[in-house]
Protein chains: 2
Amino acid sequence: MKGPARQQRANLASIGVRDPIIAGSQGHPRVHSKKRITSFDIAEKAGVSQATVSRALRGDPSVSEGTRKRVEAAAATLNYTVDKNASNLRGRLTGTLALLFFEDPTPDDSHINPFFLSMLGSITRACARHGYDLLISFQELARDWHADFAESKKADGIILLGYGDYLTHTSRLEKLRARGTKLVSWGAVMPDQPCVTIGCDNFSGGRSVTEHLLDQGCRRIAFLGDASRHFPEFQERYRGHLQALRTQGIVPDDALQVDAESSQQEGRRAAETLLARGEPFDAIFAASDLIAIGAIGALSTQGISVPFEVAVAGFDDIPMASFVNPPLTTVQQDTRRAGEMLVDSLLRLIHNEPIESKMLPMKLMVRRSSLWQDVARLEPTRED
Amino acid sequence: MKGPARQQRANLASIGVRDPIIAGSQGHPRVHSKKRITSFDIAEKAGVSQATVSRALRGDPSVSEGTRKRVEAAAATLNYTVDKNASNLRGRLTGTLALLFFEDPTPDDSHINPFFLSMLGSITRACARHGYDLLISFQELARDWHADFAESKKADGIILLGYGDYLTHTSRLEKLRARGTKLVSWGAVMPDQPCVTIGCDNFSGGRSVTEHLLDQGCRRIAFLGDASRHFPEFQERYRGHLQALRTQGIVPDDALQVDAESSQQEGRRAAETLLARGEPFDAIFAASDLIAIGAIGALSTQGISVPFEVAVAGFDDIPMASFVNPPLTTVQQDTRRAGEMLVDSLLRLIHNEPIESKMLPMKLMVRRSSLWQDVARLEPTRED
DNA sequence: AACATCCATGAATACGTATGCGTGTCCCGG
DNA sequence: CCGGGACACGCATACGTATTCATGGATGTT
């Protein structure tokens with residue numbers, strides 16, 4: 001026993017000086033009692049030490065049952081909550097995952113791409129199920145996003161989400177990985193991925209769309225979507241498209257491909273470009289549903305009937321797809337499963353369990369927009 | 001001066017013992033140099049004290065220009081980022097807002113209500129614009145949500161979002177407010193609100209829908225939506241509906257109101273219930289677009305034509321509304337503006353500026369689903 | 001030239017929690 | 001009656017930053 005030792009600090013019924021051990025120097029008299037309730041208060045109330053409070057509250061087995069109950073009761077009475085900042089500072093985990101969302105290059109600012117909204121929903125849900133919070137942050141591709149989040153320690157891991165080639169910022173990703181930052185990304189699963197990636201099988205998806213259109217008897221199938229390497233997902237879909245064509249012995253015609261990013265405006269524009277070229281075509285494979293919907297609008301404006309004159313298929317199966325007229329044939333990405341996988345993978349990574357990139361299967365959803373041949377012209381307009 | 005004083009700590013070129021002042025006892029030799037880079041390291045590198053680093057990095061004007069530059073350079077070189085946990089612990093702000101999202105009572109688990117998804121998007125954007133991060137958390141109404149977030153100090157303020165009567169958990173809200181928690185909510189703006197609320201003018205919106213239907217010549221207008229006090233928004237819409245009727249001297253018929261929560265399933269069920277009652281009706285005012293869409297499905301199944309036999313209007317103007325067939329007449333809530341206002345208000349609250357509840361105007365969007373009377377049966381099916 | 005002033009900086013904490021280590025107590029076998 | 005566990009728990013400290021107070025030097029004033 002060395003003197004009066006450091007008393008339990010507690011600010012419940014306490015006065016003036018905060019910390020007796022240094023009371024000699026000069027304690028700020030801090031009168032305004034609006035202090036935060038801390039574990040010391042709980043400790044006092046429960047008649048134990050702060051350390052025991054901490055242990056009790058986080059379920060340390062070395063605390064006896066009775067003590068735990070008392071502590072919990074005291075905490076409940078005082079409406080005490082652990083300060084996550086302090087907790088995170090001391091421990092090293094935050095119980096939070098970060099979602100970095102990369103904008104489409106065309107931020108039309110009004111609506112977020114519905115597909116990502118859907119992913120957002122499922123990721124949020126998956127996080128909730130695991131007891132994690134989700135920190136969301138929009139990012140412009142140009143910015144120094146890696147710096148902001150890397151070590152700011154606000155999250156235990158990062159999920160990268162977005163269309164486009166954000167994954168090609170390899171140097172940044174490398175830096176992150178070098179520092180041990182845990183991250184997984186959504187996107188095209190490519191051979192030389194700089195980080196673990198979960199994505200849908202865009203290649204197979206693309207192939208099955210084109211196969212379906214070919215089955216309908218279409219022969220000149222246009223592809224609307226940016227096929228450059230800046231949009232790996234689109235590129236994969238395009239590759240699938242080409243392979244399906246070649247399998248049938250059809251030689252792809254470059255004149256039937258028009259670049260477009262994922263929005264209705266772009267889809268409309270692309271379709272108009274296509275029409276302006278004067279190349280005959282009997283089907284459109286749009287790299288995303290939004291493009292498809294925009295394209296249908298353009299065709300419709302020009303009095304071209306879908307699907308009777310031109311069959312159309314999209315990609316993503318956004319909720320809208322089944323409600324447009326005609327209902328849109330498309331490829332469904334299982335966003336629910338995808339979100340879960342992203343979160344699961346990230347959590348495993350955080351716990352140092354082995355994980356690897358994975359490709360999810362896709363499902364072709366055939367609806368009226370692609371039923372080109374001799375199809376029932378009977379039912380004029382009904383929901384699917 | 002008491003002895004060698006506590007040296008600048010720095011772990012860059014340092015060896016073994018971490019903290020010289022307690023070196024006497026026994027310092028863990030911590031060999032693995034995977035230590036975090038701290039402001040002390042920057043301080044050493046820049047030849048200043050840790051305090052100066054902190055000041056320089058957060059733009060304290062008392063730091064000279066030269067010093068600041070040197071510090072910034074050092075920080076950049078070492079890839080240093082401020083540890084938000086420590087920073088938040090010391091300062092009292094987190095630079096983060098929390099969004100508590102209350103599930104619809106019917107969590108169909110696959111898709112989030114599109115209206116809220118839209119709000120989510122605009123809130124996220126607004127936060128980003130203000131340089132705040134957004135922490136998202138789903139909540140079940142039953143749970144002790146107030147405890148979890150109140151003082152966990154992960155966020156500077158809270159936005160409450162959800163349909164339903166979560167705002168009536170007055171005791172919880174009171175507790176929060178008593179503790180000085182900053183919060184704003186989205187919802188029906190009612191007289192005795194327990195906290196600042198931003199909401200749309202549901203009453204006027206409801207009234208204008210019914211006025212429009214009356215203008216079309218409809219006289220027996222059914223209302224599909226829960227009109228109980230558990231859904232204040234719906235209730236307000238219903239009140240607006242009733243007022244419009246009474247203004248025209250029409251006596252509301254209780255048989256024309258069917259409870260429904262906001263989902264397609266519920267809409268379908270409600271419409272079936274209505275039909276089963278055998279009461280004649282010539283229009284449906286659905287309390288939300290999802291309900292409306294479900295109802296149209298039910299009518300369509302029974303071979304009842306919309307809008308020729310029954311006019312239908314919804315509420316919310318979710319993206320889908322303009323794409324269903326027929327395009328749905330509805331009331332637009334300006335989610336973009338709403339999200340901005342929520343964030344703005346919360347930030348003001350945090351900065352102790354005065355704010356008050358506010359109601360946003362709504363806009364009636366007339367589309368084909370409600371054009372009941374002598375309308376052009378010409379155009380069979382075209383996008384809006 | 002002496003003194004008040006201002007500026008840039010350093011020293012010393014506090015923020016609230018988690019945890020390694022040590023200690024007192026109780027129980028049991030010998 | 002004693003030694004050795006096992007068990008619960010308290011002590012002291014570190015986590016990394018922000019801020020208050022003190023300080024030393026440069027500048028301005030009479």
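Every number in this text was worked out from the coordinates using simple rules, so none of it is lab data. Quantities reported herein were computed from a predicted structural model and do not represent experimental measurements. Glycine gets a Cβ as well: all are built from the backbone with ideal geometry, and neighbour counts include every protein chain shown.
In nanometres and ascending order, the distances from the B:A76 label point to those of the other copies are 5.5 (point 7 Å from Cα along Cα→Cβ). Among the residues of B:297-303, the average count of other protein chain beta-carbon atoms within 10 Å of the residue beta-carbon is 1.
Pairs exceeding a 24 Å alpha-carbon distance, out of A:K175/B:K84; B:K84/B:K175; A:K84/B:K69: B:K84/B:K175; A:K84/B:K69. What separates the B:Q302 label point from its copies, with the point 7 Å along Cα to Cβ, is 4.3 nm, written shortest first. Restricted to Cα atoms, region B:52-102 shows a radius of gyration and a Dmax of 14.4, 51 angstrom. Spacing of the modelled spin labels on B:R277 and A:R129, each 7 Å from Cα toward Cβ, amounts to 3.9 nm.
If R0 is 35 Å, the Cβ-Cβ spacing of B:Q265 and B:K175 corresponds to a FRET efficiency of close to 0.50. Counting only other chain Cβ atoms within 10 Å of each residue's Cβ, the peptide B:116-126 averages 4.
Quick one: which of B:320-328, A:251-259 comes out on top by average Cβ neighbours within 10 Å, and what's the full order, highest first? Walk me through the intermediate numbers first.
Details: B:320-328: 23.1, A:251-259: 15.6.
Top to bottom by mean Cβ count within 10 Å: B:320-328, A:251-259.
By other beta-carbon atoms within 10 Å, ranking A:D282, A:D133, B:D201 with the fewest at the front produces A:D282, B:D201, A:D133.
So what's the net charge close to A:F281: Lys and Arg +1, Asp and Glu -1, counting the other residues with Cβ under 15 Å from its Cβ?
Values: positive: A:R219, A:R220, A:R277; negative: A:D253, A:D254, A:E272, A:E279, A:D282, A:E309.
My count for the surroundings of A:F281 gives -3.
Of the GluC sites (Glu not before Pro) in region B:266-335, which ones lie in a loop per DSSP and count no more than 14 other C-beta atoms within 10 Å? Those satisfying the criteria are B:E309. Only one residue of A:S263, A:H230, A:H241 has its Cα farthest out toward the positive end of the dipole of region A:201-272, where Lys and Arg carry +1 and Asp and Glu -1 on Cβ, and that residue is A:H241.
Rounded to two decimals, the Cα radius of gyration of region A:200-249 over 2.2 N^0.38 Å is 1.07. With r as the distance between the Cβ atoms of B:R58 and A:Q302 and R0 = 56 Å, compute the FRET efficiency 1/(1 + (r/R0)^6) and round to 0.05. Once rounded, the FRET efficiency stands at 0.45. Length, then width, then depth: along the principal axes, the Cα atoms of region A:224-263 run 31, 18, 15 Å.
Summary for A:R348: label point 7 Å along Cα→Cβ; distances to the equivalent points in the other copies, ascending, 4.9 nm. Label positions at A:T247 and A:L78, each projected 7 Å from the Cα along the C-beta direction, are separated by 6.8 nm.
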